[in-house]
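For reference, the structure discussed in these notes is given below.
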Amino acid sequence: MEKNIAGGVFEKTKLEEGFYLLKFRNEKQETVKVQRNINNNFIQFHFSGKGESRFFFNNGSYKIPLQEENSLLLYNPKRDLPIDLELQGHGWVVSIVISIKKFHSLFSEEASYISFLNLENRDKQYYKDAPLTPGMVIVLNQMMNYNLMPTIKNLYFKAKAYELLSLYFNRTEEPDVEQCPFLSDEENVLKIRKAKDYVVAHMAEPPTLRELSRKIGLSEKKLKEGFKQIYGDSVFSFLFDYKMEFARKLLETGDYNVNEVGLRVGYSTSSHFISAFKKKFGTTPKKYIMSVSSIG
């Protein structure tokens with residue numbers, strides 16, 4: 001379930017009974033507030049992929065910061081902990097909300113290894129913040145920048161949510177080992193992310209692969225391998241999907257005509273934009289606008 005909130009998008013996916021994935025994305029420059037009711041039967045895991053956030057409690061009298069690329073675990077069995085989130089401009093947060101019953105079932109034989117599940121602590125309130133590992137950064141970006149058929153979206157999110165929890169509880173003194181050895185270097189992960197941000201910011205006039213590799217300080221080969229590993233697609237396939245989604249949202253506002261939207265995403269002629277839009281969504285921009293208008 002995806003819906004617009006003031007200045008951004010909130011998406012809630014029910015993965016299983018008592019197991020939810022929440023995604024908050026601020027599409028404005030200014031900070032936005034997001035509020036959702038969560039009762040005391042749930043444990044909350046919050047992961048900041050981009051931008052700084054703040055959680056407010058007790059009607060705003062107490063706050064906990066969530067820095068970029070950090071996680072926050074919250075649990076209080078004695079009182080509800082509604083989400084009262086302030087999200088920085090263009091920031092995004094992925095949250096996993098899971099019932100204590102469901103969570104215990106994941107660790108039924110290993111519960112004693114999870115500090116807040118042992119007999120001494122399992123009924124106490126719990127709070128913990130920690131930096132994300134490179135592996136967690138990759139999974140979070142995959143969850144936010146997926147390219148999937150709608151029929152398998154829920155299955156994909158469920159798999160990624162379990163992977164994220166596994167990585168969260170698998171912190172050791174040893175460096176993280178990724179599927180691709182190249183990505184075990186956190187600096188390279190950050191460079192790939194910089195590449196993604198750069199092509200998105202310049203989508204109307206994107207750089208060549210050579211220009212982009214020079215911009216972020218990686219060889220073209222490592223850029224292509226790393227981008228595919230993190231975002232599941234080539235640089236320009238990812239950019240095409242991003243541009244079409246961006247165009248679709250502009251069309252939905254009703255503030256721009258087809259030619260204006262095409263120019264915004266880098267198409268000098270409306271015919272080329274119409275062809276690209278139809279390739280992505282199976283319909284022309286004009287027909288899409290008519291279908292949205294008829295629903296509204």
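Could we say that Ile5 is under 25 Å from Lys153 (Cα atoms) and at pLDDT 85 or above here? So Ile5 does not fit the description; no.
Criterion applied to Ser219, Ser184 was being more than 30 Å from Leu263 (Cβ to Cβ), modelled with pLDDT under 90 and among the small types (Gly, Ala, Ser), and the one residue passing it is Ser184.
Any chance region 258-274 includes a residue that's part of a loop (DSSP other than H, G, I, E, B), surrounded by 14 or more Cβ atoms within 10 Å (Cβ to Cβ), outside the structural domain of Val200 (by TED's automatic domain parsing) and out of contact with any helix residue (DSSP H, G or I) (no Cβ under 6 Å at 6 or more places or on another chain)? Yes; the residues of region 258-274 include at least one that is part of a loop (DSSP other than H, G, I, E, B), surrounded by 14 or more Cβ atoms within 10 Å (Cβ to Cβ), outside the structural domain of Val200 (by TED's automatic domain parsing) and out of contact with any helix residue (DSSP H, G or I) (no Cβ under 6 Å at 6 or more places or on another chain). Taking the criterion of being on the phi > 0 side of the Ramachandran plot and loosely packed, with under 15 Cβ neighbours inside 10 Å, the residues of region 49-89 that qualify are Asn58, Asn59, Gly60.
Residue by residue, here is whether (1) modelled with pLDDT under 85; (2) outside the structural domain of Val9 (by TED's automatic domain parsing); (3) within 24 Å of Gly18 (Cβ to Cβ) holds:
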| position | (1), (2), (3) |
| --- | --- |
| Phe57 | yes, no, yes |
| Ser61 | yes, no, no |
| Gln67 | no, no, no |
| Ile83 | no, no, yes |
| Val94 | no, no, yes |
| Ser105 | yes, no, yes |
| Asn121 | yes, no, yes |
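Only one of the numbered conditions (1) part of a helix (DSSP H, G or I); (2) not assigned by TED's automatic domain parsing to the domain that holds Arg193 is not met by Asp255, and that is (1).
The values are calculated or read from the model by the stated rules, or taken from the named source; none is laboratory data. For clarity, every value in this text was computed on a predicted model and none was experimentally measured. In this analysis, Cβ positions are derived from the backbone assuming ideal geometry, glycine residues included, and neighbour counts consider all displayed protein chains.
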